[in-house]
Amino acid sequence: MEKKNLDWSNLGFGYHPTEYRYVANWKDGAWSEGELTTDATVTMTECAGVLQYSQSCFEGLKAYTTEKGQIVVFRPDLNASRMADSCRRLEMPVYPEDKFVEAVKAVVRANAAYVPPYGSGATLYLRPFMFGSGPVIGVSPAPEYQFRIFATPVGPYFKGGAKPLTIRVSDFDRAAPNGTGHIKAGLNYAMSLHAIVDAHNQGFNENMYLDPKTRTKVEETGGANFLFVTKDGKVVTPKSPSILPSITRRSLMVVAKEYLGLEVEEREVYFDEVKDFAECGLCGTAAVISPVGKIVDHGKEICFPSGMDEMGPVTKKLYDALTGIQMGRIEAPEGWIQVIE
C-alpha cells in the first residue's frame, strides 16, 4: 500500500485530517452498529449535554510502523478499559471494550496510508472520544451519546530531541479530593488550561500539581504522570486516587523491572523528598518520557543531577526500551502489540 505524499519528518504535533473516522450513537438504551465515515463534522442540538454540562471523555493512543514494516497499535485494550471507567464515573453509557478495540483497528486500517513510515519519527495518533449529544436542560445525564474515533499523523512531540523541562509547583489544584482526577474527563483538561497558560507566561514548561487535600504530595501535571529515579537507580512513581492511571507509565514500570532489572515502586511521594531524586521525567502517550531538569517552588530551585542538557541515564534507557518495543526492535510482552492486518 502506497503512503500519502507527506513531509513525514517535518510534521508537527497537530491535527491533520485523514480520510476516515468511526462513529457510533447511543439512543433508547442501545448502541448503533457503528461505522466508518468520511464526514469529519459533528452536528448536534444547541442543548447537547456536552455543551451544557461538559459531559465528555476521551482517550489517546498511537499506531506505528515497525522495523519489519507492520502497522501496529500499542495496548488499545487498556485505553478501552480506562474509557469504560471514565464513562461510568460520568454517568455515560460504556462503549463495549471489545468493540472499542475493533473500532481502533478499523480506523487504522482505513487510514493505513497515513501511518508514517518507520524511522520518520512520526506516528498516527488516535483520539477516541465520547460526548453527550442529546438535549438536557436540567442537571442530569444526557439522553443520547456519540462515540467517535479520528486519526491524525503527528510528528515527534519534541523536534530535535527532548530537552529537559523547567516546571513550577502550581498554586492551582488539578483535581478535587474524591473528584474526577482518576479518569480522562474533558473537564479535567479545561480546568488545567489557565494554569498552563499562566505557567508558560511565567517562563515554565509545565506545572507540578500537589495533592488537593494536604498539598504535600506529588500528583501529576496537566497531562502526564511523574516518574522519578533515586540516586541508587530505583524507579519511583507517585500513587494517589486522584492521579490518571497513565498507560505509558504503567508500561514503563514493567519495562524497568522486567527488561532493565531495576527496582520499581509505586507509592506516595512527598514533595519534601523530590530534592533527593537523581532524575525526573513526565510520561504520557505524546512524548513517552519528557525529562525534567529543574523544578521551581516559589523561587526555590530543585535542580536534578541529570541536568538541563539531556535525559538522565536511567530515563534514557527506559525511553529507548519502550520505544523499541513499540517500534518492533525489541520483543514485546504478550498482548502489548496488536498488528493491523
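Here are the numbers:
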read-out	value
Filter result for LYS184 (open to solvent by 40 Å² or more (accessible area, probe 1.4 Å) and touching a residue at least 24 places away in the same chain (Cβ under 8 Å))	no
Strands (runs of 3 or more DSSP E) lying entirely in the range 228-341 (those with 3 or more residues that are closer than 25 Å to ASN79 by Cβ and not β-branched (Val, Ile, Thr))	279-284
Selection count where residues are β-branched (Val, Ile, Thr) and surrounded by fewer than 18 Cβ atoms within 10 Å (Cβ to Cβ), scope the range 102-141	2
Scan of the range 69-88 for residues that are β-branched (Val, Ile, Thr) and over 13 Å from GLY335 (Cβ atoms), ordered by number	ILE71
The range 153-166: number of residues that are modelled with pLDDT of 95 or more and farther than 22 Å from VAL274 by Cβ	2
Candidates VAL254, VAL218 - the one that is open to solvent by 50 Å² or more (accessible area, probe 1.4 Å), touching a residue at least 12 places away in the same chain (Cβ under 8 Å) and among the β-branched types (Val, Ile, Thr)	VAL254
Among the residues listed as PHE271, PHE304, the single one being touching a Ser or Thr at 6+ places or on another chain (Cβ under 8 Å), more than 26 Å from ALA80 (Cα to Cα) and not charged (D, E, K, R)	PHE271
So VAL169, is it farther than 29 Å from PHE74 by Cβ and at pLDDT 95 or above	yes
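Results for (1) closer than 28 Å to VAL50 by Cα; (2) in contact with a strand residue (DSSP E or B) (Cβ under 8 Å, 6 or more places away or on another chain); (3) of a type outside the set (A, V, I, L, M), shown as yes or no for each residue.
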residue	(1), (2), (3)
VAL169	no, yes, no
ILE196	yes, yes, no
PRO212	yes, no, yes
LYS217	no, yes, yes
PHE228	no, yes, yes
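The values are calculated or read from the model by the stated rules, or taken from the named source; none is laboratory data. These numbers come from a predicted model, not from an experiment. Here the Cβ is made from the backbone with ideal geometry for all residues, glycine too, and neighbour counts use every protein chain on show. Accessible surface is based on the protein model in full, side chains and every heavy atom, while ligands, DNA and RNA are left aside. Shrake-Rupley method; radii C 1.70, N 1.55, O 1.52, S 1.80 Å.
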